[in-house]
Amino acid sequence: MNDLLQHYEIAKKNANKYMRKGQLNAYVDALIEMNHYKKLMKAVIAN
């Protein structure tokens, strides 16, 4: 669970960085990555 949370936080920081730089494609990719890790965390919590 801690690994998933760390990956989520890294993706969140990257998303903020890309948004500030105006790199929209990288920003959207980072948001998709965040969503992926969020789903995995919910699955771990549910089990």
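Computed values, structure above
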item	result
The chain: angle of helix 2-21 to the longest principal axis, Cα-based, in degrees nearest 10	20
Listed residues Leu5, Tyr27, Ile45: farthest to the positive end of the dipole of the chain (Cβ charges)	Tyr27
Backbone N within the range 29-46 under 12 Å of label point (7 Å from Lys12 Cα along the Cβ vector)	34-35, 38
Equivalent ellipsoid semi-axes - Cα gyration tensor, the chain, angstrom	23, 10, 5
Nearest-ten-degree value, helix 24-46 long axis tilted from longest Cα axis of the chain	10
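Every read-out reported here was derived from the displayed coordinates using simple, explicitly stated rules and does not represent laboratory data. What you are looking at is a predicted structure, and each value in this text was computed from that prediction instead of being measured. FYI the Cβ positions are ideal-geometry reconstructions off the backbone, even for glycines, and counts take in every protein chain you see.
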